[in-house]
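First comes the structure, then the notes that go with it.
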There are 2 protein chains.
Amino acid sequence: MKVVVGSPGTVGGLLLRTGQCLFASASIAFMVSASGFSSYTAFCYLVASMGLQALWSLGLGCLDTYALRMKRDLHNPILVSLFVVGDWVTATLSLAAACSSGGVSVLFSKDVGFCSAYPLLSCKKFEISVVLAFATWLFIAMSSLVMFWLLASV
Amino acid sequence: MKVVVGSPGTVGGLLLRTGQCLFASASIAFMVSASGFSSYTAFCYLVASMGLQALWSLGLGCLDTYALRMKRDLHNPILVSLFVVGDWVTATLSLAAACSSGGVSVLFSKDVGFCSAYPLLSCKKFEISVVLAFATWLFIAMSSLVMFWLLASV
């Protein structure tokens, strides 16, 4: 199995996992600090999806750290298949969450003008949280592509 | 280059392209027939994204038909790279469009109760259009995975 930039058990892979975990946690933090977010299904789904993403990335980040410290090789087909499935599922869920919340944010600020009509609504925080969710998705998309490439090139 | 189910220039590939084209067109038809859809950014984006998807799939469907009739082989790395990029871009845009419109539909029908408050809003048509967009995404996701697998296994 080839070793490419960002593959499991390398410094690149660890950096990608750290990025995913940090951005997902920041996205959750901004969302839960916004008042009234729980009244909207899309925003609740964003929190759930980013929570799953943060946990998954944290787990794989720990595994990468262990592999780097112990100089273990994580490039075996069974492990990589598991990473591929997990990465693709979480990447799709993250993109879905970011987009549905993005759609609702744009609706609030532009289409129906809720943000100007109800100043108590934390529109700014909703938007920052959505941007952070998209950043998380960019990192997990990179990981997913690397994993799929590794698996396909066995 | 291996030939897998759904690869370009095969009957499976042609069926996938036909499915994408039909579902994307049906999604556009339901959306544009819903009154007032153009007031909402997410729904306009759905129409644009499904339009792009339908055109891309139609083009590749024609290419598949030509390859099947003339018994041409489309499995060369340059062509497949082009298909991979196009498929991934349109798949991501389709998922984003389906999710953002889905988020807005759920908000209308459940969170803020616009559907019961404004009976003139064509909520049913919005929802059918979103479901069709998700079906389109399922087909294009299958095509994208097959293409990426083909390219990676060269």
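The values are calculated or read from the model by the stated rules, or taken from the named source; none is laboratory data. The structure displayed is predicted, hence computed values, not measured ones. Ideal geometry is used to build each Cβ from the backbone, glycine not excepted, and the neighbour counts take in all protein chains shown. In case anyone asks, the SASA skips ligands and DNA or RNA and just uses the protein heavy atoms, side chains included. Shrake-Rupley method; radii C 1.70, N 1.55, O 1.52, S 1.80 Å.
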With Cα atoms, 0 to 90° folded angle of helix A:11-32 axis to chain A main axis: 20 degrees
Förster radius 51 Å - calculated FRET efficiency between B:S33 and A:L15, Cβ distance, rounded to 0.05: 0.60
Dipole axis of chain A (+1 Lys, Arg; -1 Asp, Glu on Cβ), positive-most option in A:G103, A:T90, A:G6: A:G6
Gaussian network model of chain B, springs between alpha carbon atoms under 10 Å - residue of B:L82, B:L95, B:L52 with greatest fluctuation: B:L82
Principal-axis tilt of helix A:41-70 within chain A, Cα atoms, nearest 10 degrees: 20 degrees
Given A:K2/B:K2; A:K125/B:K125; A:K71/B:K2, the pairs whose alpha carbons are separated by over 28 Å: A:K125/B:K125; A:K71/B:K2
Acute angle (nearest 10 degrees) that the helix B:123-152 long axis makes with the longest principal axis of chain B, alpha-carbon atoms: 20 degrees
Interface A:B - total buried accessible surface [probe 1.4 Å, Å², rounded to 100]: 2000 Å²
Residue with peak Gaussian network fluctuation, chain B [Cα springs, cutoff 10 Å], from B:L55, B:L132, B:L79: B:L79
Heavy atoms of A:M50 accessible to a 1.4 Å probe, total area in Å² rounded to 10: 0 Å²
Carbon and sulfur %, accessible surface of chain A computed with the full protein complex present, 1.4 Å: 75 percent
Charged-residue dipole, Cβ positions (Lys, Arg, Asp, Glu), chain B about Cα centre, Debye nearest 20: 260 debye
Most fluctuating residue given options A:F37, A:F126, A:F114, as computed from a GNM of chain A linking Cα atoms under 10 Å: A:F114
Sequence of A:C62, B:C44, B:C21 from largest to smallest accessible area, 1.4 Å probe: A:C62, B:C44, B:C21
Accessible area of A:T65 in the full protein assembly, 1.4 Å probe (Å², nearest 10): 60 Å²
Whole-number accessible area per residue in Å² for the protein assembly as shown, which is evaluated in the context of all protein chains at 1.4 Å: 46 Å²
Three-way shape call for the stretch A:29-81 based on the alpha-carbon gyration tensor, with the a/c threshold at 1.5: oblate
A:R17 accessible area, 1.4 Å probe, all protein chains in place, Å² to nearest 10: 10 Å²
